[in-house]
Structures are given as C-alpha cells and as structure tokens.
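Right, one structure below, let's go through it.
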C-alpha cells in the first residue's frame, strides 16, 4: 500500500472540512457606519457645517458665473479684464477647496473617533453573531477575492451593534 505524503493528506482533509464550513463575511465599515449612532453623528456634522456648505454652494455658483462670463464675453474683454477674472476664479477655487478639505478632515476625524469609541462593542456584536449563527469563520470582506460558500453577516452585526449601543446609552442615562 502506498503512503500518502502528509502535506497531501492535510490539503485533502482541509479541503473537505472547508467545503462544509459555515463562513460569514463582514464589511466592518458598512457595519459601523450604517448604525443609528453614526447616522445621528452625521446629522450633527451636517448641521455644524451647514453654513460652510452654503458658502461652498455660493462659491461654486460664483465660479460657474465667472466661467460663463469669460466664455461669453472673452472676445470683447481686454487682456487685463480676462486676467482679473481668471485670478478671481482661482481665488474662489482655492477657497472652495479649503472648505472641502476642512469638511473631509472633520469627517475623517469623526469616523476615527467613532471607530475607537465603539471598537469593543463591534467585537462584542461580532462574537455574538458568530456564536448565534454557528459560524466556523467570519472573515473581513476586503480579504476575500471570491467564494461560493459564504454568508454576509454585515447587516446582522449592524443590528446587534445598534442594540449594544442603545443599551450602553440607556445605561449611561
């Protein structure tokens, strides 16, 4: 009788085990940033930046008006007037970019703080879904190229995380 090399045996055995494994897939960002707590935080951020958003909208319209003015009236404008309009447009474009960078920076900072605040609850929610669902593995969605036998547990983790955050908030009051 021929002996099967140990590595071949392990590969064959692990393949048959994985074929019957229950594997959950989790998109961590989606789970965290679909929670009610994050949606409330986004509403607060939107309220805090409503003036900046209005100013950015005004700047965008002023830029469009300047561009239209330049296109329509360029044949009749002097080179000095064209240069002045272009400089004004560049200044407005810079201010517009500054608004966007400030908003983006604040959003990124808020996301990082939110993640740190609820990291432990995310782990707890994940463990509960893992146990309740009888999963053999729960893998991050960004680490899987393709698979035919997985279950997306993201919405379940989000729901559990909503419960845990609500419980935490109720206990704090």
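Taken over region 34-66, the residue count meeting the criterion of being assigned to a helix (DSSP H, G or I) and touching a helix residue (DSSP H, G or I) at 6+ places or on another chain (Cβ under 7 Å) is 13. With the condition kept exactly as written, say whether any residue in region 84-95 is under 26 Å from residue 34 (Cα atoms), touching a helix residue (DSSP H, G or I) at 6+ places or on another chain (Cβ under 8 Å), in contact (Cβ under 8 Å) with a residue 24 or more places away in the chain and surrounded by 13 or more Cβ atoms within 10 Å (Cβ to Cβ). No - not one qualifying residue is present in region 84-95. In region 56-78 there is at least one residue that is touching a residue at least 40 places away in the same chain (Cβ under 8 Å) and surrounded by 14 or more Cβ atoms within 10 Å (Cβ to Cβ).
Take residue 103 and decide whether it is under 29 Å from residue 151 (Cβ atoms) and modelled with pLDDT under 95. It is false that residue 103 is under 29 Å from residue 151 (Cβ atoms) and modelled with pLDDT under 95. Name the single residue that is nearest to residue 38 (Cα to Cα) among those in region 124-171 being part of a loop (DSSP other than H, G, I, E, B) and in contact (Cβ under 8 Å) with a residue 12 or more places away in the chain. Filtering first and then ranking leaves 153.
The values are calculated or read from the model by the stated rules, or taken from the named source; none is laboratory data. Since we're looking at a predicted model, the values are computed, not measured. Here Cβ is always computed from backbone atoms with ideal geometry, including for glycine, and neighbour counts include all displayed protein chains.
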